[in-house]
Structures are given as structure tokens and as C-alpha cells.
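Written below as C-alpha cells is the structure these notes are about.
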Amino acid sequence: MEHGHKLADTTDKRLLITILSRSVKRLSNPSPVGAGFVAVLALVGIAGNGFSAWLLHKDSKHNLNIRGAFFHMMGDLLTSVAVLAGAIILHFTPWLWIDSILSLMIVVYILVNCFSLLKESVHVLMDGTPIGLDLMDVKRTLEELPGVAAFITCIHGLSVVIGGPYLPCCSF
């Protein structure tokens, strides 16, 4: 891992821990928030992150790296939506605690997506068969092709190739 990636990874963890710890502290000691300014920033975030997520959505279905970027953009988009909702609520009510509750919800969303992406990444790194690929169907289909040996001794499905599964097989 390059130095920049290590720094970004460390920064993401620190940011998540900071959001979590500050949210918990603010629950017991809420402080006023400038709702108007926060709403304007949230709208900018919704526009930018929404556009980015829209661009990534199609390719996120087929590529783990792009899916990670898509989840990141969706997390940022939902964060901006939550911030906007919080700013609107704070403008019309005295509920200062809403900011902390929304922040905690954002942390939960980020953690759920991190674990989902981590699980899929480990599956790929451990050379797991691509999800939804039935190797026995592939084997039967290959054996039905003219010129292919009637018995394939081994077949594997790997997800490490961009653009689709990689299917090495042996026949005798």
C-alpha cells in the first residue's frame, strides 16, 4: 500500500472515530448550530455527491473498486441529506440533540457498508467463486461443446479479473 493510501485510510478511521465521539459528547451537552449556513453546505454536498454517485452507479454493479467508490459517494450524499434535514429541523425546533442523532446514524451507515465491502473483498482475495456463478452449469455447458473433452477434471471461478469472472479449467 502506498503512503498516500495509508494516510487516507488512517484519516478515514480518525474521521469516523471523531464523528462518533463528538456525537456522543454533544448528546449530553448540545450546542447551537448555524442552520442556514449548514443547509447551504448540505445542498452543495447533495449536488456534488449525487452527481458523482450517479456517474459511478452503472459500473458499481460489476467492479469492486468502483462499488467502493460508489458506496463512499452514497455515504457522502446521505450524510449531506441528513445534514440538510437536521438544519431544517433545527431551524424550526429547539431540538439541538437531532444533530448528534443524525451523526450517529451516519456512522452506522458507514460501518454497515464497510463490513459489506470488506466481506466481498475478502471473498475475492481468497479466490472465492464469483457470487451467482454455478461452476457445475459452466462445466456441463463446456462439455457439450464440440471438440471439448468429455470430462473436465477441474474448473475454478475467480473474481480477480475486471470485466467478468476468470474461469481456468483442465481437461484430459
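The values are calculated or read from the model by the stated rules, or taken from the named source; none is laboratory data. As the structure is a prediction and not an experimental result, all values here were calculated from the model. Glycine gets a Cβ as well: all are built from the backbone with ideal geometry, and neighbour counts include every protein chain shown.
Report yes if residue 22 is in a helix (DSSP H, G or I), charged (D, E, K, R), out of contact with any Phe, Trp or Tyr (no Cβ under 9 Å at 6 or more places or on another chain) and within 30 Å of residue 165 (Cβ to Cβ), otherwise no. When the stated conditions are applied, residue 22 does not pass them.
In region 41-57, the residues that are in the same structural domain as residue 77 (by TED's automatic domain parsing) reach residues that are polar (S, T, N, Q) with C-beta atoms within less than 7 angstrom, at least six apart or across chains, in these pairs: 42/80; 45/80; 46/80; 49/80. Looking for whichever is modelled with pLDDT of 85 or more, surrounded by fewer than 16 Cβ atoms within 10 Å (Cβ to Cβ) and under 27 Å from the mean Cα position of the chain (by Cα) here; the options are 73, 105. Which one fits? Residue meeting the stated conditions: 105.
Only one of the numbered conditions (1) under 30 Å from residue 127 (Cβ atoms); (2) in a helix (DSSP H, G or I); (3) modelled with pLDDT under 85 is violated by residue 1, and that is (2). Evaluating residue 110 against the criteria (1) surrounded by fewer than 18 Cβ atoms within 10 Å (Cβ to Cβ); (2) out of contact with any Lys or Arg (no Cβ under 9 Å at 6 or more places or on another chain); (3) of a type in the set (A, V, I, L, M, F, W, C); (4) in contact (Cβ under 8 Å) with a residue 60 or more places away in the chain leaves one unmet condition, (1). Count of region 36-57 residues, restricted to those that are more than 18 Å from residue 90 (Cβ to Cβ), among the hydrophobic types (A, V, I, L, M, F, W, C) and surrounded by 15 or more Cβ atoms within 10 Å (Cβ to Cβ), is 2.
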